[in-house]
Amino acid sequence: MRVEERGYTPQELVKNYENFAESMESEFVKMMLTEMKKSSSLGREKSQEENFYDDLMTNEYAANSAKRENYGIKEMILKQIMPEQLKAYRQNQGQ
């Protein structure tokens, strides 16, 4: 079955793959930040409110960081999961 027969344009499919890869990169950054915070706050108990706020801030920072920075994780994921036809299309579009 060809890509167009599924009801999606190549642009839509590429964008969906990119969004997925970016969200995975964001999750990786979030996990990394969470572990870093654990090691830097040893011995100090936080309240439930502080933990909630820290989680929100970590999520936002990870999402924004994944959008702005180029960690290379997104591209690595795209190389693994994107079909060859869409890789070629994406390359021809200059993305």
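The values are calculated or read from the model by the stated rules, or taken from the named source; none is laboratory data. Nothing here was measured: the structure is a model prediction, and the numbers come from that model. Methodologically, a virtual Cβ is constructed for each residue, glycine included, from the backbone with ideal geometry; neighbour enumeration extends over all protein chains shown.
Residue-by-condition table, conditions (1) more than 20 Å from Gln93 (Cβ to Cβ); (2) exposed (fewer than 11 other Cβ atoms within 10 Å of the Cβ); (3) under 21 Å from the mean Cα position of the chain (by Cα):
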position	(1), (2), (3)
Tyr8	no, no, no
Asn16	no, no, yes
Glu25	yes, no, yes
Met31	yes, no, yes
Phe52	yes, no, no
Asp55	yes, no, yes
Arg68	yes, yes, yes
Met76	no, no, yes
Lys79	no, yes, yes
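Which of the residues spanning the stretch 59-73 are touching an Asp or Glu at 6+ places or on another chain (Cβ under 8 Å), not β-branched (Val, Ile, Thr) and not in a loop (DSSP other than H, G, I, E, B)? The answer is Ala62, Ala66, Lys67. Test Leu56 against the stated conditions and say whether it is in contact with a helix residue (DSSP H, G or I) (Cβ under 9 Å, 6 or more places away or on another chain), part of a helix (DSSP H, G or I) and aliphatic (A, V, I, L, M). No, not satisfied.
Among the residues here, Val3 qualifies as within 16 Å of Met82 (Cα to Cα), surrounded by 14 or more Cβ atoms within 10 Å (Cβ to Cβ), at pLDDT below 90 and among the aliphatic types (A, V, I, L, M).
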